[in-house]
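Contents: one structure, followed by commentary.
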Amino acid sequence: MLKIYNTLTRKKEDFIPLNPPAVTIYSCGPTVYDYFHIGNARSFVMSDIVRRYLIYSGYKVKFAMNLTDIDDKIINKANAMGIDSKEVAKKFSDAFFEDIDKLGLLRADINPRATEHIPEIIAMIEALIKNGKAYEVNGDVFYEIRKFDGYGKLSGKNIDNLESGSRVEVNEIKRDPLDFALWKSAKPGEPFWESPWGKGRPGWHIECSAMSCKHLGDTFDIHCGGSDLIFPHHENEIAQSEGATGKPFAKIWMHFGFLNIDNEKMSKSLGNVFNLRDMVKKYKPETLRFFYEQTHYASSLNFTAEALESADRGLEKVNNLFDTVKSALAGKPDSGAHSFDFEKSYIAFKEAMDDDFNSPKAIAVVFDFIKEVNTYIANGDNLTREFYEGALEFLKKTADGVLGILRTEKVENSDSGLEEELIQLLLKLRVDAKLEKNYALSDKIRNELLTLGITIQDTKEGSTYKKNR
RNA sequence: GGCGCUGUACCCAAGUGGCUUAAGGGGAAGGUCUGCAAAACCUUUAUUCGUCGGUUCGAAUCCGACCGGCGCCUCCA
């Protein structure tokens, strides 16, 4: 039984979907005004793990991740770049998809964009006004949080405490400092849409309510995002959706912990905001995923070069076994029974992930598995086709299917045929040198190739090589 | 001021009342294999879980105090 920690109830709960086997998930996506950074990437990867594991568990998952393509940050960026806000959104939306593909994220079933849902947004705001939860002032529409009884239930905040120590800026036109904008009237030169309240654009929070409602229904299973979104963004989403529909909004709220850089908060002033795009040039995408998954999703995580290098070396063990098994199968082993217990590892993996997506524990299961398989191979008994296929299947289902940390095939396919032939030629020359006991030459070939990122391994079956990328 | 999280080996990190006299990864040391390596395997690396008390037959796990670290309350994944 899968258990998930629910921010709303502050408890680990049994996961019972509304309409099994269907599961609906809404994950807060990027505001497309810049390349996303490695902190965003953590949230994206962890929501990808949630989704992949639910699929692994047999659910039919509908996964929506929004793109916020109109808001103040985009307008500011457009002004700074001297281009239209639409162009900004287009540029960074495209970049977003390129980057998540690199990270091995499954594409969402739906990527709703705010600007494509203006009618739905307006309809929801109208419903809120009709329900007495929102009011218009000179073309702006605000949500009146005092009219929503449950305001503060997600973040555990008491409205009165919020106000007393408030740093909320005073806005004369709002009835309460905590009231937030549903619709913002357009200032001269700003992009706008026509609405019953005049020309303007949606506030930040309303798009998620309107779009999740349209694509997943009034009530859906899981809503996830970074823990900084709990207040006010998610709190406001609940007020909007439940205030408009009168029905419960997301059943389970999942929040991902923050990423620090060298024990410091990522911030522009510290100059330690790293784009995923740049980081992927330095570290393999699987290494980044593995690094993220080695810590539970709810904990904060410290990003250091040392930790990434440690992750990179650890990941080698997974890929080494994958290579070993693949090449053993290519060697056409005999079929027949084996005595390896795969079931035990599957059960342990499920237990780990069922416990609130405990990926660090699941990774430990994979490493236990790797050691057992390597030992089994080292002992050399019953190394049948069935055994290797079983090992390959486990790695593909868990390390690849759920965790996404196996080295992908893409790189190998990018090798040119000539490069492969040249490397094989060098391997052959080296073997000849070894047979003549010309170790000076054979070691030179090995060392030179190593500096090119190619590691040679001599096995009983002959010399093989591995690219370190 | 309000709300919440957190302190586990050299580093990262799971475990949150007995299955653990503490998983897994990295690092380090020794060994097997090898011409030497690499990979893989074996052994070693926390009688101890920030400190001090308490509850309990039993605590890293619960409670209290204290000492650290951090987040949110404002845009933020």
Does region A:436-466 hold any residues that are within 26 Å of A:Ala330 (Cα to Cα) and either of a type in the set (A, V, I, L, M) or within 7 Å of RNA strand B (Cβ to nearest atom) (or both), and which are they? A:Arg446, A:Leu449, A:Leu450, A:Ile454, A:Thr455, A:Ile456, A:Gln457, A:Asp458, A:Thr459
With touching a residue at least 12 places away in the same chain (Cβ under 8 Å) and outside the structural domain of A:Gly132 (by TED's automatic domain parsing) as the only criterion, which of A:Asp218, A:Asp262 stands out? A:Asp262
Only one of (1) on the phi < 0 side of the Ramachandran plot; (2) within 12 Å of RNA strand B (Cβ to nearest atom) does not apply to A:Asp262, and that is (1)
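Which one is nearest to RNA strand B (Cβ to nearest atom) among residues in region A:414-435 that are of a type in the set (D, E, K, R) and open to solvent by less than 80 Å² (accessible area, probe 1.4 Å)? Break it down into steps so the answer makes sense when it comes.
Of the residues in region A:414-435, the ones of a type in the set (D, E, K, R) are A:415, A:419-421, A:428, A:430, A:432, A:434.
Those still in the list that are open to solvent by less than 80 Å² (accessible area, probe 1.4 Å) too: A:415, A:419-420, A:430, A:432, A:434.
Details: A:Asp415: 20, A:Glu419: 20, A:Glu420: 19, A:Arg430: 8, A:Asp432: 12, A:Lys434: 5 Å.
Among them, the one singled out is A:Lys434.
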Filter region A:1-24 down to the residues that are in a loop (DSSP other than H, G, I, E, B), under 20 Å from the mean Cα position of the chain (by Cα) and within 13 Å of RNA strand B (Cβ to nearest atom) and list them by number. A:Thr7
Which pairs do you get when a residue that is in the same structural domain as A:His223 (by TED's automatic domain parsing), found in region A:241-253, comes within reach of a residue that is part of a helix (DSSP H, G or I) and open to solvent by less than 20 Å² (accessible area, probe 1.4 Å), reach meaning Cβ atoms under 6 angstrom, with the pair 6+ apart or on two chains? A:Ser241/A:Ser209; A:Gly243/A:Leu128; A:Ala244/A:Met124; A:Ala244/A:Leu128; A:Phe249/A:Ile238; A:Phe249/A:Ser241
I need the full set of residues from region A:116-140 which are without any contact (Cβ under 8 Å) to a residue 60 or more places away in the chain and either part of a loop (DSSP other than H, G, I, E, B) or under 21 Å from A:Asp72 (Cα atoms) (or both), in order please. A:Glu116, A:Pro119, A:Gly132, A:Val137, A:Asn138
Odd one out for A:Ile83, checked against (1) out of contact with any strand residue (DSSP E or B) (no Cβ under 6 Å at 6 or more places or on another chain); (2) outside any loop (DSSP other than H, G, I, E, B): (2)
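Restricting to region A:447-458, count the residues that are open to solvent by 60 Å² or more (accessible area, probe 1.4 Å) and in a strand (DSSP E or B). Explain how you work it out, then say what you get.
Here is the first cut: in region A:447-458, the ones open to solvent by 60 Å² or more (accessible area, probe 1.4 Å) are A:447-448, A:450-452, A:457-458.
With the extra rule that they be in a strand (DSSP E or B), the set shrinks to A:457-458.
So the answer is 2.
Looking only at region A:437-446, which residues are open to solvent by less than 70 Å² (accessible area, probe 1.4 Å) and not hydrophobic (A, V, I, L, M, F, W, C)?
Of the residues in region A:437-446, the ones open to solvent by less than 70 Å² (accessible area, probe 1.4 Å) are A:438, A:442-443, A:445.
Matches in region A:437-446: A:Asn438, A:Ser442, A:Asp443.
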Which of the residues spanning region A:80-104 are open to solvent by 20 Å² or more (accessible area, probe 1.4 Å) and within 16 Å of RNA strand B (Cβ to nearest atom)? A:Ala80, A:Phe97
Does at least one position in region A:203-225 carry a residue that is closer than 30 Å to A:Asn138 by Cβ, small (Gly, Ala, Ser), open to solvent by less than 30 Å² (accessible area, probe 1.4 Å) and part of a loop (DSSP other than H, G, I, E, B)? yes
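Table: residues versus (1) on the phi < 0 side of the Ramachandran plot; (2) open to solvent by less than 30 Å² (accessible area, probe 1.4 Å); (3) not in a loop (DSSP other than H, G, I, E, B).
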| site | (1), (2), (3) |
| --- | --- |
| A:Pro248 | yes, no, no |
| A:Ser269 | yes, no, no |
| A:Met279 | yes, yes, yes |
| A:Leu288 | yes, yes, yes |
| A:Asn302 | yes, no, yes |
| A:Leu308 | yes, yes, yes |
| A:Leu321 | yes, yes, yes |
| A:Ser339 | yes, no, no |
| A:Tyr346 | yes, no, yes |
I'm checking my understanding of the structure. Among residues of region A:57-76 that are under 22 Å from the mean Cα position of the chain (by Cα) and surrounded by fewer than 18 Cβ atoms within 10 Å (Cβ to Cβ), which one is farthest from RNA strand B (Cβ to nearest atom)? A:Lys60
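The values are calculated or read from the model by the stated rules, or taken from the named source; none is laboratory data. Note that the coordinates shown come from a computational prediction; the quantities given were computed from them, not determined experimentally. Reconstructed Cβ throughout: ideal geometry from the backbone, glycine too, with neighbour counts over all protein chains shown. These area figures cover heavy atoms from the full protein model, side chains too; ligands, DNA and RNA do not enter into them. Shrake-Rupley method; radii C 1.70, N 1.55, O 1.52, S 1.80 Å.
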